[in-house]
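Chemist: Below is the structure I would like to discuss, written out as structure tokens.
The values are calculated or read from the model by the stated rules, or taken from the named source; none is laboratory data. Just so we're clear, the structure is a prediction, and the values are computed from it rather than from any experiment. Positions of Cβ are backbone-derived with ideal geometry, glycine not excepted, and every protein chain shown enters the neighbour counts.
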Amino acid sequence: MKPVKVALSNDYELVLRGLGALLAPHADKVEVVEASTGTDFVPEADVILFDTFGRLPGKDEKLQAVADSNPRAKIVVYSWESYPPEVALEHGAVGWIGKGVSGQELAERLVEVHEGAEVTVVPPDSAGGGGGVDAEDTTMPDWPGRAHGLSPREGEILGMICRGLTNDEIASRSFLSVNTIKTYIRTAYRKIGVSSRPQAILWGIDHGLRGEGSIQP
């Protein structure tokens, strides 16, 4: 059987590169044909893997735009439990795969989706992001900032800060209080060694959280 042609979608180049590297050892199952921060993908893509890093649940206009602009491809959301399957399905996705699965399992589930299955996979350690990762995948970060001690939520919030969102806007998108957002920001700042928003933005840009442009696999 020919490999399933997969396109990768996220707002950050660093995330796209990580996804591409995660799937690269499984080229017998999936072939990454494009990786982009945009919403339009090459027509030959069978499946679009939509990584939600930097995107929190609610009205996800980008996910809906990806689904609307690519009617031939099947959209699969790749996320933590903070972005639940029902949100993905409401916005045009046909499947949801939890982060923490190995690259091999991710590739296998994408093949299943291509063959007609609706897949929802919750990994053994979805909160921590480390469960189920095999030896060949352990060198790949599950989210930008993990190597510096950032939790998935801290990394996502820092990414949104780098995109210019205010604390109120982040709170609205994440269904959290502003005080909770401020707590996440304080702990993130402490971990990356900054004390102000401008410093955090510069750190984020230096570490791949600019959130613009696109790359080819």
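Chemist: Restricting segment 164-176 to residues that are out of contact with any Ser or Thr (no Cβ under 8 Å at 6 or more places or on another chain) and among the hydrophobic types (A, V, I, L, M, F, W, C), which is surrounded by the most Cβ atoms within 10 Å (Cβ to Cβ)?
Modeler: Among residues in segment 164-176 that are out of contact with any Ser or Thr (no Cβ under 8 Å at 6 or more places or on another chain) and among the hydrophobic types (A, V, I, L, M, F, W, C), the one surrounded by the most Cβ atoms within 10 Å (Cβ to Cβ) is Ile170.
Chemist: Continuing with the same structure: Return the pairs, sorted by first residue and then second, in which the second residue is among the basic types (Lys, Arg), the first residue lies in segment 191-206 and is under 15 Å from Leu14 (Cα atoms), the beta carbons are less than 8 Å apart, and the residues are 6+ apart or on different chains.
Modeler: Correct list of pairs: Gly204/Arg210.
Chemist: For segment 101-113, name all the residues that are of a type in the set (Gly, Ala, Ser) and touching a strand residue (DSSP E or B) at 6+ places or on another chain (Cβ under 9 Å).
Modeler: Ala107
Chemist: Separate question: Find the residue count for segment 34-60, including only residues that are surrounded by fewer than 19 Cβ atoms within 10 Å (Cβ to Cβ) and over 15 Å from the mean Cα position of the chain (by Cα).
Modeler: So the answer is 6.
Chemist: Right, something else. Would you tally the residues in segment 177-216 being surrounded by fewer than 18 Cβ atoms within 10 Å (Cβ to Cβ), at pLDDT below 85 and in a loop (DSSP other than H, G, I, E, B)?
Modeler: Total meeting the criteria: 4.
Chemist: What are the pairs, 6+ residues apart or on separate chains, where a residue within segment 69-94 that is assigned by TED's automatic domain parsing to the domain that holds Ser9 and crowded, with 23+ Cβ neighbours inside 10 Å has its Cβ under 6 Å from a residue that is among the small types (Gly, Ala, Ser) and assigned to a helix (DSSP H, G or I)?
Modeler: Ile75/Ala67; Val77/Ala88
Chemist: Among Lys62, Lys99, which is the only one that is touching a Ser or Thr at 6+ places or on another chain (Cβ under 7 Å), of a type outside the set (Ser, Thr, Tyr) and at pLDDT 90 or above?
Modeler: That would be Lys62, the only listed residue that is touching a Ser or Thr at 6+ places or on another chain (Cβ under 7 Å), of a type outside the set (Ser, Thr, Tyr) and at pLDDT 90 or above.
Chemist: Test of understanding: among Val66, Val32, which residue is farther than 27 Å from Glu154 by Cα, hydrophobic (A, V, I, L, M, F, W, C) and either in the same structural domain as Ile97 (by TED's automatic domain parsing) or out of contact with any Leu (no Cβ under 8 Å at 6 or more places or on another chain) (or both)?
Modeler: From the options Val66, Val32, the qualifying one is Val32.
Chemist: Please tell me if Tyr83 is hydroxyl-bearing (Ser, Thr, Tyr) and modelled with pLDDT of 90 or more.
Modeler: Criteria not met by Tyr83.
Chemist: Same structure, new question: Quick check on my filter: what residues within segment 95-122 are more than 16 Å from Arg55 (Cα to Cα), part of a strand (DSSP E or B) and either free of Cβ contacts under 8 Å to residues at least 12 places away in the same chain or not hydroxyl-bearing (Ser, Thr, Tyr) (or both)?
Modeler: The answer is Gly95, Val101, Val121.
Conditions (1) part of a helix (DSSP H, G or I); (2) within 22 Å of Val121 (Cα to Cα), marked per residue:
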site: Ala21; (1), (2): yes, yes
site: Lys62; (1), (2): yes, no
site: Val76; (1), (2): no, yes
site: Glu81; (1), (2): no, yes
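Chemist: Also, I was wondering about something else. Note down all Cβ pairs under 8 Å where the first residue falls in segment 162-187 and is of a type in the set (D, E, K, R), the second is part of a helix (DSSP H, G or I), and they're at least six residues apart or on different chains.
Modeler: So the pair list comes out as Asp168/Val178; Glu169/Met160; Arg173/Met160; Lys182/Asn167.
Chemist: Ok, one more. Determine whether segment 112-128 contains at least one residue that is hydrophobic (A, V, I, L, M, F, W, C) and modelled with pLDDT of 90 or more.
Modeler: Scanning segment 112-128, I find at least one residue that is hydrophobic (A, V, I, L, M, F, W, C) and modelled with pLDDT of 90 or more, so the answer is yes.
Chemist: Restricting to segment 1-33, what's the tally of residues that are in contact with a strand residue (DSSP E or B) (Cβ under 6 Å, 6 or more places away or on another chain), surrounded by fewer than 20 Cβ atoms within 10 Å (Cβ to Cβ) and within 19 Å of Gly100 (Cβ to Cβ)?
Modeler: 1
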